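Below is one structure, written out as structure tokens, with a few remarks after it.
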Amino acid sequence: MSGVSHISITYHGLSATIREWARLLGLDYYTLAARIRRGWSVERALETPRRHHGRGPTTHGQSYSKEHRAWKAMLGRCYYPQYHAYHRYGGRGIAVCEQWRDDFLAFLRDVGPSPSPELSLGRLENDGHYEPGQVEWQSAKIQAQSRCTSKRRRQY
């Protein structure tokens, strides 16, 4: 497998190695590498789920990833009144764009994987919606400066 592990693959505008794509999509690295080595198209190799024996189908294999947790929390903040921070998001009219609402992979494609464990999902404009071009991975310091209660709001 040493011949393909370092190859960078671009898919939906994101570039990553085969090992990184396998981790991001919850695929077995050796299965994905074998697909590429056999000449499968990038789309087919990445979109064909791994066969599960008796456990049912999977969607994306990201259910426990940082990115998926951020996506779920974003939806909770905007759409579930019982969510502890709803009053600061959905209660103020902040929403998630239609293409992300039901499609985690569209969200991941547009936002990309978090470049660091210290960063979390943030909006560029405090009153803006969660949508492409308005969301990025931010440090706690940047997020604190963007809050409604912050005396020093971030200037754009």
Under-5 Å amide H pairs with Gln138, H placed in peptide plane, nonlocal only: Ser120, Leu121, Gly122
Gain in span if fully extended, Glu20 to Tyr64, counting 0.36 nm per residue against the direct Cα distance: 14.3 nm
Spin-label pair Arg92/Glu47, simplified geometry with 7 Å Cα→Cβ offset, distance in nm: 3.8
Nonlocal amide H pairs with Thr17, under 5 Å, H built at 1.01 Å: Ile9
Label-point gap, in nm, between Leu124 and Tyr80 - each point 7 angstrom along Cα→Cβ: 2.9
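Stretch Lys72-Ser116 to full length: gain in nm at 0.36 nm per residue minus the Cα-Cα span? Before the final figure, lay out each step's value.
Numbers: separation 44, 0.36 × 44 = 15.84 nm, distance 1.87 nm.
This chain segment gains 14.0 nm when fully extended.
Extension gain Gln99-Glu136, at 0.36 nm per residue separation less the Cα-Cα distance, in nm?
Working: separation 37, 0.36 × 37 = 13.32 nm, distance 1.65 nm.
Length gained between Gln99 and Glu136: 11.7 nm.
Since every read-out is calculated from the coordinates, none of them should be taken as a lab result. Please read these numbers as outputs of a predicted model, since none were measured by experiment. Heads up, the Cβs are rebuilt from the backbone with ideal geometry, glycines too, and the neighbour counts pull from every protein chain shown.
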